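The values are calculated or read from the model by the stated rules, or taken from the named source; none is laboratory data. No experiment lies behind these values; they were computed from the predicted model shown. In this analysis, Cβ positions are derived from the backbone assuming ideal geometry, glycine residues included, and neighbour counts consider all displayed protein chains. Note: areas computed on protein heavy atoms with side chains; ligands, DNA, RNA excluded. Shrake-Rupley method; radii C 1.70, N 1.55, O 1.52, S 1.80 Å.
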Amino acid sequence: MNKKKIHAVTGAFGYSGRYIASRLLEQGRTVVTLTNSGNRANSFGGRVRPFPLSFGEPDKLASALAGVDVLYNTYWVRFNHGMFTHDQAVRNTLVLFEAARRAGVRRVVHVSITHPSEDSPLAYFAGKARLERALRESGLAYAILRPTVLFGREDILINNVAWALRRFPFFAVFGDGSYRLQPIHVDDLAELAVDEGMRVENVVINAIGPETFAYRDLVKAVAGAIGRPRPLVNVPPGAGCLLGKLLGWFKHDVFITREEIRGLMSELLYVNSPSTGKTPLTAWMKRNAATLGLRYASELECRRDRQTPYFVNDTR
């Protein structure tokens, strides 16, 4: 494939998009990014040209995608908030897909979620399902990747579990903690995304890591890695949500939402399919135990501050 063709990545100055852009640059590809943080400090040294995610100006968005061969879409929101909602993210992404079609983009690699369903009572999973259907019906070639929980240097979930374990004498587990999840390293997801960008067939792939954990065992693994064993206290989901709200209020952030708890406990982050990632979370935590969870990772701070580098823990 011609390396001079342009590859566009949403959010290349953020989390998963940065890893995708890095892998493309390593292959000698020309990379641009569509971003709401065009002035954010980053490590690319000008090698990735930013364009605004101008959802309100579809013609500008299509112009930014002119000449693009593959679009890697990581754009989404984790929860509903005063600044953003899942419904808004769905509408914006539909504009993006249409702009890609108008611009003649050959292929879209789209990051979704495991177990999307338009009938889901959870807006996250219902919204992702709507976008999958829209992409399938768009006429664009596509690869839909369905990851569960991402971990890596800019991770929020695993990092903040470690942060809480370092600071509190116990850890609250929603229900019995037996529900499962399969974390995948963010660079494994990026590798899969770039590989699929070079292909032509339409595919839907569960992007899962090589280890499966019950949630309570995941917490124990994090605690063991950082040397902070704590009693696990089983709490009703409502009480767990309240504790999460208190932590969020203290950190001016959203620690966890009721919908996220429901998704976890419904095993929506577990699938019975072969692993596509190769990096074990346990090995990664062992390498990074000295720094994991030293700082709190704030979702909202990254969205409020569009200038400073995206949250990066001192891990590898």
Which order do the peptides 53-65, 205-217 take when ranked by the mean count of other beta-carbon atoms within 10 Å per residue, highest first?
205-217, 53-65
Note, ³J(HN,Hα) from phi for segment 171-187, Karplus 6.51, -1.76, 1.60, rounded to Hz, x at Gly and Pro
10, 7, 10, 6, x, 8, x, 7, 5, 9, 8, 9, x, 10, 5, 4, 6
Where a ≥ b ≥ c are the square roots of the eigenvalues of the C-alpha gyration tensor, would you call segment 28-106 rounded, which needs a/c under 1.5, or, failing that, prolate if a/b is larger than b/c, or oblate?
oblate
Just need the relative contact order of segment 86-209 here, percent rounded to a whole number, with Cα pairs under 8 Å and 6+ apart.
30 percent
Value of relative contact order over segment 48-96, rounded to a whole percent, pairs C-alpha under 8 Å and six or more apart
34 percent
How would you order 149-159, 35-45 from highest to lowest mean count of nearby Cβ atoms within 10 Å?
149-159, 35-45
Would segment 148-268 count as rounded, prolate or oblate if I go by the C-alpha gyration tensor, calling it rounded below 1.5 in a/c and otherwise prolate when a/b exceeds b/c, oblate otherwise?
prolate
Where both partners of a DSSP beta bridge lie in the chain, what percent of those bridges are antiparallel, to the nearest 5?
10 percent
Probe 1.4 Å, heavy atoms of protein chains only: per residue, the accessible area of the chain in Å² is 43 Å²
Give me the percent of accessible area attributable to carbon and sulfur for the chain, probe 1.4 angstrom.
52 percent
When the helices in the chain are scored as -39500 (n - 2.57) per DSSP H run of 4 or longer and the sum is shared across all residues, what 222 nm value do you end up with, to the nearest 500 deg cm²/dmol?
-11500 deg cm²/dmol
Roughly what angle does helix 237-251 make with the longest principal axis of the chain, taking Cα atoms, 0 to 90 degrees, to the nearest 10?
70 degrees
Can you tell me the dipole magnitude for the chain around its Cα centre, using point charges on the Cβ only (Lys, Arg +1; Asp, Glu -1), in Debye to the nearest 20?
700 debye
Taking Cα atoms, the helix 123-136 axis meets the longest principal axis of the chain at an angle in degrees (rounded to 10) of 30 degrees
How many percent of DSSP beta bridges within segment 68-173 run antiparallel, rounded to 5?
10 percent
What length, rounded to one decimal in nm, is gained on full extension from Ala134 through to Arg47, with 0.36 nm per residue of separation minus their alpha-carbon distance?
28.1 nm
Distance in Å, no decimals, from the C-alpha centre of segment 245-305 to the one of segment 68-95 is 19 Å
Nearest 10, in degrees from 0 to 90: the angle of helix 86-103 to the longest Cα principal axis of the chain is 30 degrees
Averaging sequence separations of C-alpha pairs under 8 Å and six or more residues apart, then dividing by the length of segment 165-316, give the relative contact order as a whole percent.
34 percent
